[in-house]
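Have a look at the structure below, then the notes.
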């Protein structure tokens, strides 16, 4: 069965199933408006018994909301986002989106595969390809392939990217699964297969603020830990130079818990000047594609909310919301400013196709690409 036929069959089977409300209270489905072109967008909300809920919309397979309790059981939405589909379609912030076919940047928008050079759109300041192109996976409406309630509530989305879309070779059948369990783990799993050799790097571009999205104090007081000894420095266009640099003795050392804003204005580090703050890939220990391990921990000392991110990928991109410029109004009616959200994106290294020393992002027919990340929500006592 062809990938397009399979996606359609799965979607048809889902649409003819019993109403979600009759199955379980921890999974609901409703309209989220429509795109400017008139495509309907739906929202699926997964909820557990501990006050945690995740809302994912079909536009971009996007994490629209992640509600978490604090140490006093008071809940807040900790993910930046918008209130309707039209706002997502007209804003290029990638809040919560599933980004691909290749997340992050590809220098000069070019890569070579089996002797053939492919040119992608230069949608990042005219010098690089970013997050899959002008119309990446974040800007399409995905199909709902499956949804389940129970001890673990989950929803799976599918998107078939045709051969040549945005300049990438091969028809790519991609899936995104969000699953919420009773241990307050939101697991996001991306998968893909192709009919021709291609490159793939999918991730989730959620921006978090553990104090609550739109909070007056912003996210710079969130305390971050990244258990990585090295990172990949970038050139003036935010493309990795190909080197790996030790974090020791630098503003990039988050091996011990440190407030995100503690050193972000340190102009003595040229890497911070280039990125207007942190917008860099960290090199994680452990085998790519191996067992899940801790990639980052983000905490808000005031509320006690803690977010741990587990990953099986070789790197994690840390972006401190440097390019949010105060012109965007979020879902709660608050203006999003620079530093109001923090992205921690498990993925392959930026510009990996042009750096053979980085882990390969090539995908061949018969292989399956996978990226699994766990957003684990916890609370810490006062002073911890």
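The values are calculated or read from the model by the stated rules, or taken from the named source; none is laboratory data. From a predicted model like this one, the values you see are computed outputs, not experimental measurements. Neighbour counts run over all protein chains shown; Cβ positions are idealised from the backbone, glycine included.
A few points about this structure:
- Residue list for the stretch 170-196, filter: part of a strand (DSSP E or B) and more than 21 Å from the chain's Cα centre (by Cα): 194
- Number of residues in the stretch 150-169 that are assigned to a loop (DSSP other than H, G, I, E, B), modelled with pLDDT of 95 or more and surrounded by fewer than 24 Cβ atoms within 10 Å (Cβ to Cβ) equals 5.
- Among all residues of the stretch 251-263, there is none that is closer than 17 Å to residue 96 by Cα, outside any loop (DSSP other than H, G, I, E, B), at pLDDT 95 or above and within 20 Å of the chain's Cα centre (by Cα).
- The stretch 37-149 holds strands (runs of 3 or more DSSP E) entirely within its bounds, and those carrying 1 or more residues that are out of contact with any helix residue (DSSP H, G or I) (no Cβ under 6 Å at 6 or more places or on another chain) and crowded, with 18+ Cβ neighbours inside 10 Å map to 40-47, 53-57, 62-69, 75-77, 105-107, 128-130, 143-148.
- Residue 33 in a loop (DSSP other than H, G, I, E, B), surrounded by 15 or more Cβ atoms within 10 Å (Cβ to Cβ) and either modelled with pLDDT under 95 or in contact with a strand residue (DSSP E or B) (Cβ under 9 Å, 6 or more places away or on another chain) (or both): no
- Filtered by the rule that a residue be in a strand (DSSP E or B) and either touching a helix residue (DSSP H, G or I) at 6+ places or on another chain (Cβ under 6 Å) or at pLDDT below 95 (or both), the stretch 197-233 gives 199, 224.
- Hits in the stretch 343-358 - residues which are touching a residue at least 24 places away in the same chain (Cβ under 8 Å) and either farther than 21 Å from residue 310 by Cα or surrounded by fewer than 21 Cβ atoms within 10 Å (Cβ to Cβ) (or both): 351, 352, 353, 354, 355, 357
- Which listed residue is surrounded by 15 or more Cβ atoms within 10 Å (Cβ to Cβ), under 30 Å from residue 179 (Cα atoms) and touching a residue at least 12 places away in the same chain (Cβ under 8 Å), from 272, 202, 238: 202
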